[in-house]
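Notes for the one structure printed next.
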Amino acid sequence: MAATMGLRVRSLNLPVSLLNVVCRRQLSSTRTLFAETKEVNKENGSKSEEETKMTDLEQKLTEEKAKLTAQVAEYTDKYKRALAETENVRMRFTKQLNDSKIYSISGFCKDLLEVADILGKATTSVPKDAVSGADANIHLKNLFEGLVMTETQLQKVFAKNKLEVINPVNNEKFDPHIHEALFQIPVPDKEPGTVAVVEKLGYKLHERTLRPALVGVTKAI
């Protein structure tokens with residue numbers, strides 16, 4: 001080996017000291033190149049690892065976003081349901097409040113219905129010839145006229161407060177919402193289930209039946 005190197009040195013005609021310098025420089029360059037290559041590989045490895053970490057982070061963020069989006073949708077739905085329920089409660093409360101204002105006098109009206117019934121019986125029980133004509137009793141006539149005026153005024157008060165009379169006509173179909181059947185009677189030439197006789201007038205307050213009309217209903221013969 002030494003002989004070979006000696007031959008090469010002699011063939012190149014270079015001094016040994018210069019050859020040593022060249023070898024050292026070549027070795028240094030090789031080491032530098034190896035170090036740079038190692039550093040590049042290290043950087044590439046770091047970049048690959050960093051890219052992997054970024055990919056994992058993006059995946060986690062995507063999953064977290066989907067989870068939060070689902071939660072937002074769930075909470076939004078619950079909020080809308082709660083809002084709708086609150087609105088329903090408010091509407092029910094408003095209706096109850098309005099009904100309480102409208103029907104707060106229903107108890108008082110029921111008491112007045114008995115007065116109206118008595119006045120009606122009093123005016124219908126007096127014979128017409130007893131309060132009219134030359135032979136009429138002036139005192140009875142004045143009393144009768146006073147009763148009629150009182151009954152008329154009472155009906156005006158009823159109408160003012162939306163208290164209406166339920167007075168079924170003959171052949172009117174029986175309606176359980178506004179009529180109460182006391183008995184059934186066979187009546188020829190009348191359809192079964194119709195009103196035949198009115199025993200007592202009914203009343204309704206603002207379309208709500210306060211007292212049904214007491215009636216007799218026809219039945220099949």
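Values quoted throughout were computed directly from the atomic coordinates according to the rules given, and no laboratory measurement underlies them. Every value quoted in this text rests on a predicted model; they were computed, and no experiment measured them. Counting neighbours? That spans all protein chains shown, and the Cβs are built from the backbone with ideal geometry, glycine included.
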Exclusive hit being in contact with a Pro (Cβ under 6 Å, 6 or more places away or on another chain), of a type in the set (V, I, T), more than 18 Å from G120 (Cβ to Cβ) and assigned to a strand (DSSP E or B), set T209, T218:
T218
The lone condition I118 fails out of (1) under 21 Å from L205 (Cβ atoms); (2) exposed (fewer than 10 other Cβ atoms within 10 Å of the Cβ) is (2)
Could you tell me whether any residue of segment 87-100 is surrounded by fewer than 10 Cβ atoms within 10 Å (Cβ to Cβ), out of contact with any strand residue (DSSP E or B) (no Cβ under 6 Å at 6 or more places or on another chain) and either farther than 30 Å from E151 by Cα or of a type outside the set (A, V, I, L, M, F, W, C) (or both)?
yes
When you check V157 against the structure, is it farther than 19 Å from K200 by Cα, surrounded by 11 or more Cβ atoms within 10 Å (Cβ to Cβ) and without any contact (Cβ under 8 Å) to a residue 60 or more places away in the chain, yes or no?
yes
Of the residues E180, E191, E199, which is surrounded by fewer than 18 Cβ atoms within 10 Å (Cβ to Cβ) and in contact with a Ser or Thr (Cβ under 9 Å, 6 or more places away or on another chain)?
E191
Within segment 123-149, the residues that are surrounded by fewer than 11 Cβ atoms within 10 Å (Cβ to Cβ) and basic (K, R) are K128
